[in-house]
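Q: Have a look at the structure that comes next, please.
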Amino acid sequence: MQEILDDIVATIGSSTERGRVADYIPELAGVNPQQFGICVATVDGQLFSAGHSQQLFSIQSISKVFSLTVALGKLGDGVWKWVGREPSGDPFNSIVQLEHEHGKPRNPFINAGAIAISDAILMKHLPREALAEILSFVRFIADDESICFDDKVAKSELETGERNRALAHFMAAYGIIKNPVDYVLGTYFHHCAIAMNCQQLARAGLFLAGDGRNPVTGVRVVSASRARRINSLMLMCGHYDGSGEFAFRVGLPGKSGVGGGILAIAPGHASIAVWSPGLDDVGNSKLGSQALERLVMKTGWSIFA
Ligand code: GLU
């Protein structure tokens with residue numbers, strides 16, 4: 001495995017065609033696009049890393065996997081009153097689809113869906129309480145108390161998030177969102193602003209590779225059927241309107257974020273985190289996707305193998 005990762009860093013990680021770094025907030029626009037990190041946490045407890053695997057980055061939409069898991073823990077199937085379970089085929093921040101579907105987001109991983117999930121988690125609590133719950137869950141699954149929000153990123157998101165604000169008000173008009181919009185967005189923007197490195201992220205995903213149980217600590221996080229369902233949503237909806245292409249090329253459940261990270265799950269084998277800040281046209285890490293394609297080719301971990 002170490003040889004495979006070293007090869008990926010030497011080939012894909014040094015590519016000159018690196019995509020474009022997200023530039024809607026200065027904290028992301030200023031990230032050096034030359035960085036590339038990867039980490040594989042296997043279900044038998046080994047950790048393999050290469051490149052900038054210890055460099056913190058903004059996990060952004062990858063956090064939507066964790067907020068969904070928290071919401072499922074609190075509400076069970078009640079969560080599906082807030083969001084659907086269908087791929088969107090539209091950009092991650094699309095408003096058009098919401099109007100057609102009467103304010104109910106297609107899935108928990110597009111922006112509208114994750115904003116609705118923040119509403120579900122809030123349930124009349126204050127944003128700081130919901131955020132404490134999400135952060136302590138992430139620390140627990142990663143087994144790492146040092147994981148934190150990047151407050152600067154959260155503040156910039158709040159200042160520039162007019163489109164997300166529009167999505168939230170729109171859903172409030174349809175009665176999907178019931179808490180004050182400011183509370184909901186404060187929760188959403190902050191969980192997107194969690195900073196992690198590839199090693200922490202790979203460890204955090206291990207429960208999804210282990211049928212809901214962290215195979216290293218032995219602690220059950222969710223039931224096996226819930227882990228399978230989260231994985232299936234990641235496969236169908238985890239890469240915005242590039243989800244079909246990612247499933248076609250990589251064949252693993254995965255969730256990307258505009259910070260350039262991707263968390264991919266090889267059920268029964270490993271949890272993989274890769275980070276390269278440059279994005280492709282639909283907002284997924286360009287080299288990250290290529291790296292996962294190569295990793296799967298070498299390991300045979302595609303779920304369709
Ligand atoms: N906080 C970002 C937004 O809502 C998340 C984008 C993403 O990673 O998809 O615009």
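The values are calculated or read from the model by the stated rules, or taken from the named source; none is laboratory data. Owing to the predicted nature of the structure, the values given are computational and were not obtained by experimental measurement. Cβ coordinates were reconstructed from backbone atoms using ideal geometry, including for glycine residues, and neighbour counts include every protein chain displayed. These accessible areas exclude ligands, DNA and RNA; they are computed on the full protein's heavy atoms, side chains included. Shrake-Rupley method; radii C 1.70, N 1.55, O 1.52, S 1.80 Å.
Q: Which residues, taken from the stretch 244-258, are open to solvent by less than 10 Å² (accessible area, probe 1.4 Å) and either of a type in the set (Gly, Ala, Ser) or within 12 Å of the ligand (Cβ to nearest atom) (or both)?
A: Of all residues in the stretch 244-258, those open to solvent by less than 10 Å² (accessible area, probe 1.4 Å) come to 250-257.
Residues satisfying the conditions are Gly251, Gly254, Lys255, Ser256, Gly257.
Residues checked against (1) within 30 Å of Gly218 (Cβ to Cβ); (2) polar (S, T, N, Q):
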residue	(1), (2)
Leu126	no, no
Ala142	yes, no
Arg163	no, no
Asn179	no, yes
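Q: Let me ask something else. Do any residues in the stretch 258-271 that are closer than 14 Å to Phe109 by Cβ and in a loop (DSSP other than H, G, I, E, B) have Cβ atoms under 7 Å from those of residues that are near the ligand (Cβ under 9 Å from one of its atoms) and hydroxyl-bearing (Ser, Thr, Tyr), where the two are at least six apart or on different chains, and which pairs are they?
A: Val258/Ser61
Q: Scan the stretch 214-252 for residues that are farther than 13 Å from Ala266 by Cα and of a type in the set (Gly, Ala, Ser) and report the count.
A: 8
Q: So, one more: Confirm whether Leu206 is under 23 Å from Val79 (Cβ atoms), open to solvent by less than 10 Å² (accessible area, probe 1.4 Å) and either touching a strand residue (DSSP E or B) at 6+ places or on another chain (Cβ under 6 Å) or not aromatic (Phe, Trp, Tyr) (or both). It would help to see each step written out before you state the result.
A: Numbers: under 23 Å from Val79 (Cβ atoms): yes; open to solvent by less than 10 Å² (accessible area, probe 1.4 Å): yes; either touching a strand residue (DSSP E or B) at 6+ places or on another chain (Cβ under 6 Å) or not aromatic (Phe, Trp, Tyr) (or both): yes.
Yes: the conditions hold for Leu206.
Q: Being at negative phi, more than 17 Å from the chain's Cα centre (by Cα) and not in a helix (DSSP H, G or I) is the filter here; which residues of the stretch 106-143 pass it?
A: His125, Leu126, listed by residue number.
Q: Within the stretch 163-180, which residues are closer than 23 Å to Ile25 by Cβ, at pLDDT 95 or above and open to solvent by 90 Å² or more (accessible area, probe 1.4 Å)?
A: Residue satisfying the conditions is His169 alone.
Q: While we're here: Which fully enclosed helices (runs of 4 or more DSSP H) of the stretch 1-101 have 3 or more residues being open to solvent by less than 40 Å² (accessible area, probe 1.4 Å) and away from the ligand (no atom under 15 Å from the Cβ)?
A: Values: elements: 2-11, 26-29, 63-75, 96-100.
Answer list for the stretch 1-101: 2-11, 63-75.
Q: Would you mind stating whether Ser118 is within 12 Å of the ligand (Cβ to nearest atom), within 30 Å of Pro215 (Cα to Cα) and modelled with pLDDT of 95 or more?
A: Details: within 12 Å of the ligand (Cβ to nearest atom): yes; within 30 Å of Pro215 (Cα to Cα): yes; modelled with pLDDT of 95 or more: yes.
So Ser118 fits the description; yes.
Q: If you go through the stretch 190-235, how many residues are within 16 Å of the ligand (Cβ to nearest atom), under 27 Å from Gln97 (Cα atoms) and part of a helix (DSSP H, G or I)?
A: 5
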